[in-house]
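Q: Got a structure for you, written out below as C-alpha cells; questions coming shortly.
Read-outs: derived from the displayed coordinates by stated rules, not from any lab. For clarity, every value in this text was computed on a predicted model and none was experimentally measured. Quick reminder, even Gly has a Cβ in these numbers, built from the backbone with ideal geometry, and neighbours come from all protein chains shown.
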Amino acid sequence: MSIRAHLTAAGQIAHPGQDRHVLATVTAGYRTAVRRTADELLPLLRGL
C-alpha cells in the first residue's frame, strides 16, 4: 500500500479537512527543523 493510499484511507476515517491540517503541521515542523539545523550549522561553518 502506497503512502498516499494510506494517508487517503486515514483521511477518510478522520474528517476530510484533517489530512490538509496534518500535512501543514508536518511541513511546518520540517521547516522549523531545517531552520534550526541551519542556525546551528552556520556559526560552525563560519568558525572553520
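Q: How many nm separate the modelled label positions at R20 and T37, each set 7 Å beyond the Cα in the direction of the Cβ?
A: Computed distance between label sites R20 and T37 equals 2.9 nm.
Q: Separate question: Can you run phi through the Karplus equation (6.51, -1.76, 1.60; θ = phi - 60°) for segment 28-39 and list ³J(HN,Hα) in whole Hz, with x for Gly and Pro?
A: Rounded to whole hertz, the list is 5, x, 5, 4, 4, 5, 5, 5, 5, 4, 4, 5.
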